[in-house]
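Notes follow once the structure below has been shown.
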Amino acid sequence: MSVLVVIECDHGDVKKSSLEVATYGAKVAAQLGTTATAVAVGEVTAANLAKLGEQGITKVLHDADARLKHFVNLAYVKLIAAAAQQESAKVLVLANSNIGATVGSRLAVRLEASLATNAVELPTINGAAFTVRRGVYSGKAFADVTLMGERKIIAVKKNSIEAEHAAGQTAEVVSFTAALTDADFADAPKEVKMASTEGGILLPEADKVVSGGRGMKGPENWHLIEDLAKALGAATACSKPVSDVDWRPHHEHVGQTGITVSPNLYIACGISGAIQHLAGVNSSKVIVVINKDPEAPFFKAADYGIVGDVFEVLPKLTAAVKALG
Amino acid sequence: MLVVGGRPTEAKLVGQIDSASIVGPAGKNAGRDSIGLVVDERVVQEVKGLQRGGAAARAIELKEAAGSGTVTVLNVGEADTEVIIRKAISIGADDAIRVNAFPKDAFFVAQQIAHYAKEGGYDVILMGKESIDFNGFQVHGMVGELLGIPTIAPALKLDIAGDTATLEREIEGGKEVVEVKTPFVVSCQQPMCEPRIPNMRGIMAARTKPLKVVEAIGQSDRTAVAQFALPPAKQGVKLFTVEQAADLVKALRTEAKVL
């Protein structure tokens with residue numbers, strides 16, 4: 001019996017959200033008195049996989065098949081299922097990402113497992129009773145879900161747990177293969193279009209986000225958002241109306257029908273705070289709202305706010321952040 | 001094509017939430033009110049969503065473009081969900097199936113969809129990304145696995161030529177162009193297509209189109225909700241003036257500790 005953790009990788013390194021998943025998996029293993037093994041998917045170096053020891057992982061299974069560099073649903077599922085069988089994994093932990101949840105839902109059927117997506121806390125394990133708290137109603141409420149199956153799969157929401165870094169600990173990296181056939185690559189991508197962040201931070205992985213709405217008045221004013229984001233080391237985002245009129249690309253659209261983010265800091269500039277937008281951000285730890293309309297509904301969901309013109313406030317904030325050093 | 005969607009079970013969930021003990025600093029009544037409020041708004045949105053949005057609208061566009069084929073709407077829910085099913089028919093679906101059961105959990109729902117999808121021999125099974133109440137994002141993958149066919153989720157674009165579909169799958173930080181043969185499952189994400197507003201003819205026609213009510217098969221003992229809970233209430237916004245912008249930044253470092 002062990003805990004198996006699915007690690008997503010990109011550009012040779014482990015994704016930040018997967019460091020959180022590794023930490024979560026290692027803690028569940030400790031709760032169960034067992035060890036945590038990882039299986040890696042995506043492009044990654046063995047040296048970076050060994051560093052998962054810092055999060056408490058003892059062993060990493062790695063299939064270096066070049067066809068697995070990009071996301072292929074069926075092949076990933078087969079690989080992870082084979083790893084779960086080999087390791088007799090009773091608990092499988094993945095990121096609640098598009099990849100993690102897509103793979104996890106198939107695995108739940110294949111492994112006859114109980115699945116909880118969007119988990120926000122470590123499970124409560126009391127004898128045979130295994131309960132996980134997950135976010136529902138777009139972060140407005142939680143549901144404590146009991147996983148009754150003998151096998152359990154948990155998809156962990158980003159930023160729900162802080163990744164641990166026990167310096168010097170390394171994991172053993174073991175090469176691993178599943179008998180993949182051409183049929184497993186039926187959904188292999190013909191083309192991969194990654195968003196250009198121009199050296200900036202990718203939105204779904206970001207700790208801090210600076211977001212602009214229609215109050216920014218036009219794409220030509222976005223340098224104000226970008227300047228603050230750069231000073232903070234934050235990603236940039238936007239509201240739906242902004243991506244609808246193509247001021248910003250769709251992949252920056254945060255909200256119910258776009259990306260859901262839960263950074264430590266979300267700064268909303270010139271966004272009124274419609275319920276559809278709040279649904280995408282309301283599990284952020286700290287929300288700062290800048291809006292010239294004191295009645296903007298976003299202020300009700302905010303921790304900090306400035307009632308004022310974004311064109312006046314943003315340069316002041318940027319200067320103040322730079323002054324902090 | 002089979003369109004699955006519209007899980008307007010919020011009224012039921014409000015009932016569940018009411019009867020479950022809601023714990024949280026805001027107190028039981030405050031909690032109920034706040035969830036009740038969200039749910040009310042969401043019901044309205046869901047109706048609009050199914051009427052105008054993603055899966056159903058795109059299926060009908062594809063059918064019209066191909067000049068042939070049928071679009072069936074399927075919903076797993078009790079009788080009160082028929083209002084929503086009729087709305088989906090009114091934008092141009094041909095018929096509908098309601099699986100008469102409370103959607104207990106994702107696996108239960110996936111079993112129903114897989115069973116009736118197999119029975120109908122549909123070549124494309126379209127659905128949304130996740131229910132707006134439970135935010136599960138599970139059903140698409142489960143249906144694909146139960147039927148042994150690929151699932152593309154979430155997809156931003158869907159085009160079909162003959163038995164080959166070209167889709168854009170959203171992944172963190174980008175998208176992948178994927179080509180699959182039918183049959184397959186797709187979870188549709190906006191902006192997949194233009195909203196469709198039902199016209200009077202569609203609304204009238206929806207009243208007479210067939211809506212078959214079938215019984216559920218199987219059961220699920222995979223998961224159960226033990227209780228609902230609320231996050232801690234926000235302390236309220238701390239306001240700064242424009243001139244105090246630097247003080248706000250300081251507060252983010254020293255008080256909120258996020259810088």
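With a requirement of 3 or more residues that are more than 11 Å from chain B (Cβ to nearest Cβ) and crowded, with 24+ Cβ neighbours inside 10 Å, the helices (runs of 4 or more DSSP H) lying completely within segment A:220-325 that satisfy it span A:275-281.
Quick check on A:THR146: is it over 27 Å from A:GLU54 (Cβ atoms), at pLDDT 95 or above and hydroxyl-bearing (Ser, Thr, Tyr)? Considered against the rule, which asks whether it is over 27 Å from A:GLU54 (Cβ atoms), at pLDDT 95 or above and hydroxyl-bearing (Ser, Thr, Tyr), A:THR146 comes out as yes.
Listed here are the residues, each with its yes/no results for (1) in a strand (DSSP E or B); (2) more than 7 Å from chain A (Cβ to nearest Cβ); (3) closer than 24 Å to A:LYS78 by Cβ.
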position	(1), (2), (3)
B:ALA117	no, yes, yes
B:LEU126	yes, yes, no
B:ASN135	no, no, no
B:MET142	no, no, yes
B:ALA155	yes, yes, yes
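No other residue among A:ALA82, A:ALA101 is in contact (Cβ under 8 Å) with a residue 12 or more places away in the chain and more than 11 Å from every other protein chain (Cβ to nearest Cβ) apart from A:ALA82.
The single condition from (1) in contact (Cβ under 8 Å) with a residue 60 or more places away in the chain; (2) within 14 Å of chain B (Cβ to nearest Cβ) that A:ALA113 fails is (1).
The residue list B:ILE97, B:ILE89 contains one member that is assigned to a helix (DSSP H, G or I), more than 16 Å from the chain's Cα centre (by Cα) and touching a residue at least 24 places away in the same chain (Cβ under 8 Å), which is B:ILE89. Here B:LEU74 fulfils each of the conditions (1) free of Cβ contacts under 8 Å to residues at least 60 places away in the same chain; (2) aliphatic (A, V, I, L, M); (3) under 25 Å from A:VAL136 (Cβ atoms) apart from (1). Listed by position, the strands (runs of 3 or more DSSP E) contained in segment B:192-254 that have at least 2 residues being more than 14 Å from chain A (Cβ to nearest Cβ), under 28 Å from B:VAL109 (Cβ atoms) and at pLDDT 90 or above are B:211-215.
For residues in segment A:284-316 being of a type in the set (A, V, I, L, M) and under 27 Å from the mean Cα position of the chain (by Cα), which is farthest from A:VAL209 (Cα to Cα)? Across segment A:284-316, the extreme among qualifying residues is A:ALA301. Residues considered: B:GLN111, B:GLN189. Of these, the only one that is of a type outside the set (D, E, K, R) and modelled with pLDDT of 90 or more is B:GLN111.
The values are calculated or read from the model by the stated rules, or taken from the named source; none is laboratory data. Computed from a predicted structure; not experimentally measured. Methodologically, a virtual Cβ is constructed for each residue, glycine included, from the backbone with ideal geometry; neighbour enumeration extends over all protein chains shown.
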